[in-house]
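The next block holds one structure in the form of structure tokens; read it before the comments.
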Amino acid sequence: MRKIRKGDNVVVIAGRDKGKRGEVTRVTETQVVVGGLNQVKKHQRPNPMKNEPGGIVNKDMPLHVSNVAVWNPSRRNPTASASVCSRTAARCASTSRTAS
């Protein structure tokens with residue numbers, strides 16, 4: 001089960017953008033894309049068929065899920081998520097504890 005979902009506010013806990021916060025825009029099995037973080041410069045070729053200009057564009061690259069933690073706005077710190085599923089619930093609830 002995925003603990004980090006699209007739209008979650010997360011903080012990067014390891015890597016080049018350590019300490020920065022952002023919103024998850026895309027989730028795969030082991031990676032997440034956070035808007036505005038882990039950006040690289042891509043040299044884009046012009047495409048006249050799609051009316052796209054060429055040049056250097058910034059592109060968000062994925063981060064591994066182990067390098068991000070969900071941001072808890074009430075405590076103002078990152079939290080580690082733990083899933084709790086009941087047999088009657090259609091969806092699992094997630095509880096969180098303070099990450100060290």
* **Any hit, segment 39-53, residues being surrounded by 13 or more Cβ atoms within 10 Å (Cβ to Cβ), modelled with pLDDT of 90 or more and within 15 Å of K3 (Cα to Cα)** => no
* Asked: Given (1) loosely packed, with under 13 Cβ neighbours inside 10 Å; (2) assigned to a loop (DSSP other than H, G, I, E, B); (3) under 10 Å from the mean Cα position of the chain (by Cα), where does R26 come up short, assuming only one miss?
  -> (2)
* Counted residues, segment 3-16 - those being assigned to a loop (DSSP other than H, G, I, E, B), in contact (Cβ under 8 Å) with a residue 40 or more places away in the chain and not hydrophobic (A, V, I, L, M, F, W, C) -> 3
* Residue check: is V32 of a type outside the set (D, E, K, R) and either within 16 Å of the chain's Cα centre (by Cα) or part of a loop (DSSP other than H, G, I, E, B) (or both)? -> yes
* Structure fact -> Log entry, pairs with first residue in segment 19-33 being touching a residue at least 24 places away in the same chain (Cβ under 8 Å) and farther than 12 Å from K3 by Cβ, second being assigned to a strand (DSSP E or B) and of a type in the set (D, E, K, R), beta carbons closer than 6 Å, six or more apart or on different chains, reads V33/R26; V33/D60
* To do: Identify, from the list A89, A82, the residue that is at pLDDT below 90, out of contact with any Asp or Glu (no Cβ under 6 Å at 6 or more places or on another chain) and surrounded by 10 or more Cβ atoms within 10 Å (Cβ to Cβ).
  => A82
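The values are calculated or read from the model by the stated rules, or taken from the named source; none is laboratory data. Given the structure is predicted, the values throughout are model-derived calculations rather than measurements. For neighbour counting, all protein chains shown are included, and Cβ atoms are generated from backbone atoms with ideal geometry for every residue, glycine included.
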